[in-house]
Each structure stands twice: as C-alpha cells, then as structure tokens.
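What follows is a short report on a single structure.
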Amino acid sequence: MYPSNESRSAALYERALRVMPGGNSRHTVYFPPYPIYAVRAEGARVWDADGVERLDFINNYSSLIHGHNHPRIVEAIISQAGRLLSVAMPTEEEVRLAEIVCDRLPGVEQVRFTNSGTEGVMFAFKAARGFTGRSKIAKVEGAYHGSDDTASVSVAPDPRRWGSAQAPASVPGGGSAPHVSEDVVVLIMNDVEASRRILRAHAEDLAGVILDPLPSHLGYEAATPDFVAMLREETSRAGALLIFDEVYSFRMGFKGAQGALGVTPDLTALGKVIGGGLPIGAVGGREDIMSGVFDPRPGRPRVGHGGTFNANPMTMAAGVAAMEMFDETAFNRLSALGERLRTGLREAVSIARVPATVRGAASMTSLMHIADPPATYRDLVASMQANPKARERAQSVFQQLLSRGVIIGAPGLFVLSTALTEADIDKAVDITLEALRRI
C-alpha cells in the first residue's frame, strides 16, 4: 500500500536525496511523500520497485502513444542498435520520419529534428525571429511551452505582477534574466478583441505568436475557433508567423490540431508522440521559412542548428515504427477511449456529488477539483483561491488511485495509449468514483 516507509521506493528516494536536488531530475515526476520508482513495464502496465502493478494513464506525459515496450517499436530499436547507435552523419531513418511528419501535418513542408519539445519550441522562436528580422513573440498567459527563457514568461505569474487583463504584464520565469520579458507579449486565452488590440500595438516588432490549441496547464481549455482565426488573421496582417505548439496537441486530430481546426500555421513545434518513446523534438513549417533560416547550402545559415543527438538513429527508428502504427484507425480508436473516459468520469463526479470538472479532447483528459471550469489562467487562480481544499482533494484522489493500481498525472491528467482497453478505462473510472466518494 502506498505510501509506506518500508517500501523500496521510499529507500531509493532517500538515496536520491543525497545526490540530486529534491531527489530527481524532473519536477513533473515528483509527488509527496515520495515518488514511485519504476522497474519494468509492458503495454498499459508498469511495475514498481516493490513489484506492484499499475495501469499507466499518463504514458510518460504523452510520449508513449502505444504504451510500453510495443513489440514493433522494440524490434525497430534492437535492429537499429545492432547497426548504429549514433553517428555524425545523416541516416535514411531520419529521411523516412521527416517524410511521415510532412505528409501528416498540413503546415509542415519541411522539418528539422531536435531532442525535446522544449528545443522544438526554442527553434521555432529562433526561426520566426530569423525569418522576420523582428524580436517579439506573443504567447497565452498560463500556457506552458517548455523551459526556454522566452517560453517561460508568464507561465505561472504572480497575481501581484501580472497587470490588467486588457494589457497583461510579461513576467519572467524563475531563473530567467529580467530583460527576457521585454521581447514577450502576453495574451489572455480566448479574449479575441483584447488580444487583437495587443497584437496590433506590437505589430511592427512581432516575429511570431505561439499557441497550444489545448494547453494542459489550463486544464485542456480549448482555443476557440474565433480566437484561432483572429491569431491567423493578425499574424498574416502584421507579417509575423503563427506557431502551433503541437507537442501535446498533435493528439487532437489525425492530422494534428491544425488538421482538426482547419487552420494552417506557419511553423509547428513537435515532440513526444513522434519519437516512439525516445527523446525527440522537432520544428517544421513552410518550405520558404525552413529553408530560409536553416538551409546551410548558400553559406552560413541565418539560424544555426546543431546538436550531437539531433535525429539520432535510435529515436528515428522508434519514431518511424510508432508513427506508421498510429494510423487513422488507431487514432479513432484511441479518441473513442478518451471519450469513454470523460463520460465515465463525469458520471463519477455526478454520483459522488463533488466539485469537479472533466475536460479534454481525443486521448487527453483532465479532472480538475473545482466546479466552475476556468477559461483563463486568471480564472484558474481565482478558482483555486476560492476553493483552498482543491489541491488537497486532487492529492487525495491521486494517492488513492496509486494505492489501487492506477497512475495518472498528479494534477489530474489522463493521457491514453493504444495499449489501453475499454475494460482498463472502466476500471480507472470505477476506482476514481470510489476515491471521489471518500473525499
């Protein structure tokens, strides 16, 4: 039963605290009183250091689209490992994965690979600045786009510093230089007219606008069609670039969020799903932009892009296998599982009569322990302040699920894999209902 001071995970955590700050290299996998240490996994199940089996409903925060150790992906990795681990040369696997990505996404005519979604976003910013010759990037307040200094602005701004909703302040993230915020313009999610005014005020200096159409940090509050249309219109009007962050929202449609929304961005940042479970990121977009800033053939490119492990053969092989399997049939089945989960969780919330909201799309779902779904980051802060026990309820449900064999993202995130079944979904819903009843 979790937690137990006698567990191997507890002992491993004590060891980890001596050699790593906070005991880990990744804040998103820490939770009190100690994280659970994994030993092995298969399909939709993962076993911890004490031999406890759990259903995995977070799938390494979206990167394991086919669950753990899918035989075809493992075979591709083993085969590649026997030929080439890494090399200072391109490979055919890189070409093949690039072909798949370009064929899949309407806004991607050319692509370059990185090693994380953070890097994909960072190079999208660099490409936008290099192509336009301008400096400013606009983003939505509260939206997470990785750890780059530009992306970190106003992810979780202090209400005492965030300014008015009509003209939000740019608040640098922890560890960033204060001047970084000078080149970031902050918008309020789905506020069409205020955002339009802000973008027009900065039009001459605007290099690009980045949008995650379904940001997880806002509880999967979807960008409205009017908001997306306004961003497309205003970036085109200003000569700036529209950037979609599809590191997560690639899951929204078979052709990504851009296919689902019917809006074609100029640049797209990618990661997670396209790597088959291994480290990956990418930036792709229109041919004239990508070639204009990254092509080394005319001489020194406008934007340098190196990286010892960019397009490494192991990730490319895993990504090709994963993407070939993630066809339209697989996408539709996985999205149906997501809808089954959301329906079940809403019924559980109704039966348990607790203040909670279920949202999401396709294979992404959030369970928020507040009754009124927030539309913006400011709404979310206000809701949490008005419901001081919401975090306690979220932690209680999270720990109860852990103790009964289901692991989710600690804030209440469920990100599915094709390895899950309807029976797995129903089991998670039943366990969640019991957890909700207990609180």
Query raised in the report: Within the set of pairs 6+ apart or on separate chains, which have a first residue in the range 44-60 that is over 17 Å from Ala428 (Cα atoms), a second that is surrounded by 18 or more Cβ atoms within 10 Å (Cβ to Cβ) and aliphatic (A, V, I, L, M), and C-beta atoms under 6 Å apart?
Result: Asp48/Ile36
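Right, Asp103: assigned to a loop (DSSP other than H, G, I, E, B) and either assigned by TED's automatic domain parsing to the domain that holds Asn312 or not hydrophobic (A, V, I, L, M, F, W, C) (or both) or not? Working first, answer last.
Details: assigned to a loop (DSSP other than H, G, I, E, B): no; either assigned by TED's automatic domain parsing to the domain that holds Asn312 or not hydrophobic (A, V, I, L, M, F, W, C) (or both): yes.
No; evaluated as a whole, the condition is false for this residue.
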**Report entry** From Ile210, Ile188, residue being within 20 Å of Leu267 (Cβ to Cβ) and either in contact with a Phe, Trp or Tyr (Cβ under 6 Å, 6 or more places away or on another chain) or buried (at least 21 other Cβ atoms within 10 Å of the Cβ) (or both)
**Finding:** Ile210
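Among the residues of the range 396-407, is any among the aliphatic types (A, V, I, L, M) and out of contact with any Lys or Arg (no Cβ under 9 Å at 6 or more places or on another chain)?
Within the range 396-407, none of the residues are among the aliphatic types (A, V, I, L, M) and out of contact with any Lys or Arg (no Cβ under 9 Å at 6 or more places or on another chain).
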Report summary line: Per the filter on the range 38-74, residues farther than 21 Å from Ser403 by Cα, among the β-branched types (Val, Ile, Thr) and more than 16 Å from the chain's Cα centre (by Cα) are Ile73, Val74
Report summary line: Expected single match for over 22 Å from Arg378 (Cα atoms) and without any contact (Cβ under 8 Å) to a residue 12 or more places away in the chain among Ala124, Ala201 is Ala201
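Taking the stated definitions as given, is Phe31 touching a Phe, Trp or Tyr at 6+ places or on another chain (Cβ under 6 Å) and in the same structural domain as Ile431 (by TED's automatic domain parsing)? Walk me through how you get there before you give the answer.
Values: touching a Phe, Trp or Tyr at 6+ places or on another chain (Cβ under 6 Å): no; in the same structural domain as Ile431 (by TED's automatic domain parsing): yes.
No: the conditions fail for Phe31.
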Query - In the range 1-43, the residues that are under 24 Å from Phe414 (Cβ atoms), of a type in the set (Ser, Thr, Tyr) and touching a residue at least 12 places away in the same chain (Cβ under 8 Å) - result: Tyr2, Ser9, Thr28, Tyr34, Tyr37
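Go through the range 365-424 and give me each residue that's of a type in the set (Asp, Glu) and either modelled with pLDDT under 95 or surrounded by fewer than 19 Cβ atoms within 10 Å (Cβ to Cβ) (or both).
Those that are of a type in the set (Asp, Glu) and either modelled with pLDDT under 95 or surrounded by fewer than 19 Cβ atoms within 10 Å (Cβ to Cβ) (or both): Asp372, Asp379, Glu392, Glu422.
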Query raised in the report: Out of all the residues in the range 177-200, which are part of a loop (DSSP other than H, G, I, E, B) and in contact with a strand residue (DSSP E or B) (Cβ under 8 Å, 6 or more places away or on another chain)?
Result: Ile188, Met189
Query raised in the report: How many residues are polar (S, T, N, Q) and part of a helix (DSSP H, G or I) when one looks only at the range 305-323?
Result: 1
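The values are calculated or read from the model by the stated rules, or taken from the named source; none is laboratory data. Model, not experiment: these values are computed from the prediction. Using ideal geometry, Cβ is built from the backbone for each residue, glycine included, and neighbour counts are taken over all protein chains shown.
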